[in-house]
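The structure appears right after this line, and notes come after that.
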Amino acid sequence: MKVSVSVFVLFSSFISLTPLSLAQDLRTEFKSAARCNFETAQFQSDPQTERLYLDNAGYPYAVTSRNNECTKMPFGRLGYIITERTNTCFAGYNRVCANNYIDNKTQLSLEGSELVVYFKIGETTPVRKWLARLRPGFVVR
């Protein structure tokens with residue numbers, strides 16, 4: 001009986017802390033996105049109507065001059081590797097497809113004054129894609 005009571009106490013303390021930490025992360029993300037606009041975006045892509053904003057935590061946002069709306073990009077945080085596991089079987093789930101998983105990896109990187117992203121699918125060689133260059137007068141910490 002002691003074990004079940006201690007497990008319950010541990011579980012209930014986890015449940016009570018989770019919403020608070022999630023809310024704090026969402027508030028931080030909201031505040032970062034609120035500072036994002038076409039003029040504050042530090043990076044310029046090739047079309048002059050598109051820019052990239054990198055928030056203080058290192059998350060990238062795309063912004064266009066047309067609507068001045070920021071959209072969080074799926075590359076994750078600057079310098080971190082994001083791994084997504086994908087099932088490559090198109091026949092649904094069965095015993096044959098149970099082990100057809102590959103890991104897709106993405107990493108956003110700042111190289112000099114350029115923002116680039118690396119992609120790797122399964123065991124293939126990583127691919128580098130240029131995203132944008134730092135605008136004159138802007139500094140990224």
**Asked** Please report, for the Cα atoms of segment 35-134, the Rg to one decimal and the Dmax as a whole number; what are they, in angstrom?
**Response** 16.7, 53
**Request:** Just name one of Ile102, Pro74, Asn56: the one whose Cα is farthest towards the positive end of the charge dipole of segment 35-134 (beta-carbon charges, Lys/Arg +1, Asp/Glu -1).
**Result:** Ile102
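Just so you know, all these numbers are worked out from the coordinates, no wet-lab data involved. A quick note: this is a predicted structure, and the numbers were derived from the prediction, not measured. Positions of Cβ are generated from backbone atoms using ideal geometry, with glycine treated the same way; all protein chains shown enter the neighbour counts.
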